[in-house]
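Taking it in order: structure first as structure tokens, then the write-up.
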Amino acid sequence: MASKVELRAELKVLLKERDAFMIAHNYQRDEVQEAADLTGDSLALSQAAAESDASVIVFCGVHFMAESAAILAPEKKIILPRMDAGCPMADMITAEELAIEKAKRPGVPVVAYVNTSAAVKAQSDICCTSANAARVVDSVEADSVYMIPDRNLSQYVSRQTDKKMEWWDGFCVTHDMLTPEEVTKARSDNPGAVFVCHPECAPDVVEMADYVCSTSGMYKYARETEATTIIVGTEMGILYRLEKENPDKKFILPSESLICPNMKLTTLEDVVVSLREMTNVVRVDEEIRLKAVASLERMLAVPREY
Ligand code: 13P
Ligand code: SF4
């Protein structure tokens, strides 16, 4: 087996040879984040993939993310190093199930969290991420919206908008597991600590937070807060950059279950192999892509929340 140093060396050569740009989500393994040209949240990575001049994008994340990049940048080859890296939340609603919900609410726009399949995006009016969800909902010209698939993000947004909202009952299996008791325990173990959390957490956890934001929002918050101990309510991959960028601050994970197995599938070796062999190229049916791209582009026209 090649060593990490050998893999990094081969990766560097391959990225150049293939005219490839490597991007990694904030939840990826440390070794993957370390080797990436760019790390970020779902929104930043989709935008970077679309704007990059490279002909190949190696997308280290989960399937819906690489698929979003393939929708936005059809002229590029989008490689997902592990095709089995999916998102259980995205699998909680199908295009058929959405069609049934739409039929019950004629004329009500559908706001789809990017954690959805291309076929579901194709049936939605506009996409959103955790970095722009409330703004996206407010941007819709209707008094009510139907939001999919995350009940927790939807409930969080419903408290920030005057629009009437209904939503699908999906959730992130990782974030939804964090309990108020775990946060209370982390707080009592770390007096003076602040608690920042992702809106995919359950409402009773979100209610306890000093600040609620997307993964990239957490980097900004960690930099700017005067607190020196920060309890982090999101997937543990976030710690890599938080600790690197804030060596004088302490980051606490309130639960050992804050780990997304799908995000952890991709290794440095998978990245090298997929790029060497040019395998795992994500493709989207053109008819679906054309409809899905409209939902994503409407979202990209809405500014981020910070
Ligand atoms: P963001 O990176 O957009 O905050 O999303 C978190 C997430 O769960 C992605 O799967
Ligand atoms: Fe999906 Fe949750 Fe994993 Fe994100 S952290 S990829 S929402 S299961």
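Given the condition in a helix (DSSP H, G or I), touching a strand residue (DSSP E or B) at 6+ places or on another chain (Cβ under 8 Å) and without any contact (Cβ under 8 Å) to a residue 12 or more places away in the chain, answer yes or no: does some residue in region 272-292 qualify? Scanning region 272-292, I find no residue that is in a helix (DSSP H, G or I), touching a strand residue (DSSP E or B) at 6+ places or on another chain (Cβ under 8 Å) and without any contact (Cβ under 8 Å) to a residue 12 or more places away in the chain, so the answer is no.
No other residue among Glu243, Glu269, Glu297, Glu277 is more than 25 Å from Ile79 (Cβ to Cβ) and among the acidic types (Asp, Glu) apart from Glu243.
Each residue in region 108-156 was checked for being within 15 Å of ligand 1 (Cβ to nearest atom), in a helix (DSSP H, G or I) and closer than 10 Å to Trp167 by Cβ, and 4 of them qualify. Once region 1-23 is narrowed to residues that are in contact (Cβ under 8 Å) with a residue 60 or more places away in the chain and among the small types (Gly, Ala, Ser), the residue that is farthest from Ser68 (Cα to Cα) is Ala2. With respect to the conditions (1) within 21 Å of the chain's Cα centre (by Cα); (2) buried (at least 16 other Cβ atoms within 10 Å of the Cβ); (3) modelled with pLDDT of 95 or more, Glu245 lacks only one, and its number is (2).
Is it the case that Thr267 is exposed (fewer than 13 other Cβ atoms within 10 Å of the Cβ), at pLDDT 95 or above and out of contact with any Ser or Thr (no Cβ under 7 Å at 6 or more places or on another chain)? No. Remark: pairs (first residue in region 29-47, on the phi < 0 side of the Ramachandran plot; second residue more than 13 Å from ligand 1 (Cβ to nearest atom) and of a type in the set (Lys, Arg); Cβ separation under 8 Å; 6+ apart in sequence or on different chains) = Glu31/Lys4; Ala35/Arg8. Checking the structure you have, find out if any residue of region 106-122 is more than 20 Å from Ala69 (Cα to Cα) and touching a residue at least 60 places away in the same chain (Cβ under 8 Å). No; the residues of region 106-122 include none that is more than 20 Å from Ala69 (Cα to Cα) and touching a residue at least 60 places away in the same chain (Cβ under 8 Å).
Is it true that Ser139 is within 21 Å of Leu43 (Cα to Cα), within 18 Å of the chain's Cα centre (by Cα) and at pLDDT 95 or above?
Values: within 21 Å of Leu43 (Cα to Cα): yes; within 18 Å of the chain's Cα centre (by Cα): no; at pLDDT 95 or above: yes.
Spelling it out, it is not the case that Ser139 is within 21 Å of Leu43 (Cα to Cα), within 18 Å of the chain's Cα centre (by Cα) and at pLDDT 95 or above.
Of everything listed in (1) out of contact with any strand residue (DSSP E or B) (no Cβ under 8 Å at 6 or more places or on another chain); (2) in a helix (DSSP H, G or I), the single unmet condition for Gly86 is (2).
Scanning region 152-191 for residues that are of a type in the set (D, E, K, R) and closer than 22 Å to Lys104 by Cβ yields Lys163, Lys164, Glu166, Asp169. Taking the conditions exactly as written (crowded, with 24+ Cβ neighbours inside 10 Å and either modelled with pLDDT under 95 or out of contact with any helix residue (DSSP H, G or I) (no Cβ under 9 Å at 6 or more places or on another chain) (or both)), does Ala49 satisfy them or not? Against the criterion (crowded, with 24+ Cβ neighbours inside 10 Å and either modelled with pLDDT under 95 or out of contact with any helix residue (DSSP H, G or I) (no Cβ under 9 Å at 6 or more places or on another chain) (or both)), Ala49 qualifies. All conditions but one from (1) within 15 Å of ligand 2 (Cβ to nearest atom); (2) β-branched (Val, Ile, Thr); (3) free of Cβ contacts under 8 Å to residues at least 40 places away in the same chain apply to Ile238; the one that does not is (3). Given the criteria more than 14 Å from ligand 1 (Cβ to nearest atom), of a type outside the set (S, T, N, Q), in contact (Cβ under 8 Å) with a residue 12 or more places away in the chain and assigned to a strand (DSSP E or B), does Ile78 qualify? Yes: the conditions hold for Ile78.
Just to be sure, is Ile71 without any contact (Cβ under 8 Å) to a residue 40 or more places away in the chain, not aromatic (Phe, Trp, Tyr) and not in a loop (DSSP other than H, G, I, E, B)?
Details: without any contact (Cβ under 8 Å) to a residue 40 or more places away in the chain: no; not aromatic (Phe, Trp, Tyr): yes; not in a loop (DSSP other than H, G, I, E, B): yes.
When the stated conditions are applied, Ile71 does not pass them.
Within region 185-229, work out how many residues are part of a loop (DSSP other than H, G, I, E, B) and within 16 Å of ligand 2 (Cβ to nearest atom). Please lay out each step first, then the result.
Start the filter on region 185-229 by keeping residues that are part of a loop (DSSP other than H, G, I, E, B), which leaves 190-193, 198-202, 207-210, 213-214, 225-228.
So of that shortlist, the ones also within 16 Å of ligand 2 (Cβ to nearest atom) come out as 198-202, 213-214.
The qualifying residues number 7.
The values are calculated or read from the model by the stated rules, or taken from the named source; none is laboratory data. Just so you know, these numbers come straight off a predicted model, no measurement behind them. Don't worry about glycine lacking a Cβ; one is built from the backbone with ideal geometry, like all the others, and counts go over all protein chains shown.
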